[in-house]
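Note sheet for the following structure.
Since every read-out is calculated from the coordinates, none of them should be taken as a lab result. Only a predicted model underlies this, so the values are computations on that prediction, with no experimental measurement involved. Virtual Cβ from ideal backbone geometry, glycine too; neighbours counted across all protein chains shown.
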Amino acid sequence: MRARLADPQESMLPDLESRAPGLIEWLARDLAEGVEAALLATGAGDSVASEAAHTVHQARARERTWERSWRLCRNTGFVHRVCLQVEEAHDTEVTLVVDRREVVRLTPPWIAARLSGEVVSPEEDARRRAEFRDSLLEAVRRGLEDEASVRVR
């Protein structure tokens, strides 16, 4: 609900059946601390600012996408941007973007299990969720390292 109310000026609300805003908000809460730590660990900025969940339109497909992002800032502007995206038309996939470059696109394990009809114990579900979170955070770190190596060249 918080994602839906993030921008009172938003002219188009998501479809009621869309899991995109809820998924993006849940993931953002789960990943925020790790993403902020990864950004600050680059040493390229002073602070991290986060942007509330909002919709954007992907130019290539003209599809609405829910997005939540964090920016590493210094006094001259932002240095890095990490962004989570979920397209309304494909609300079973999460895309991680680092500095305008797609790093990874994954289906969360609880969604994959539900789609396949797999019944998972609470312990296995927790293990898979933790593994998913860790893989996203590792992708953030790799993406930031790749961007740093590109800037040095």
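Miscellaneous remarks
- Global size of region 59-101 as Cα Rg and Dmax, reported in angstrom: 12.3, 38
- Two-site FRET efficiency, R105 against R74, from Cβ-Cβ distance with R₀ of 35 Å, rounded to 0.05: 0.75
- Coil-residue trypsin sites (Lys or Arg not before Pro) of region 62-116, DSSP, other Cβ within 10 Å capped at 16: R62, R100
- Residues of region 95-110 with amide N under 11 Å of a point placed 7 Å along Cα→Cβ from T42: 98-101
- Region 63-80-region 106-145 distance, computed between alpha-carbon centres (Å): 24
- Simple point charges give the picture: +1 on the Cβ of Lys and Arg, -1 on the Cβ of Asp and Glu, and for region 19-153 a dipole about the Cα centre of about 480 debye.
- Rounded, prolate or oblate (a/c below 1.5 giving rounded, otherwise prolate when a/b exceeds b/c) for region 62-139 by Cα gyration tensor: oblate
- Phi to ³J(HN,Hα) by Karplus 6.51 cos²θ - 1.76 cosθ + 1.60 over region 130-137, Hz, x for Gly, Pro: 5, 5, 5, 4, 5, 5, 5, 5
- In loop segments of region 77-122 as defined by DSSP, the GluC sites (Glu not before Pro) with at most 12 further C-beta atoms inside 10 Å of their C-beta are E118.
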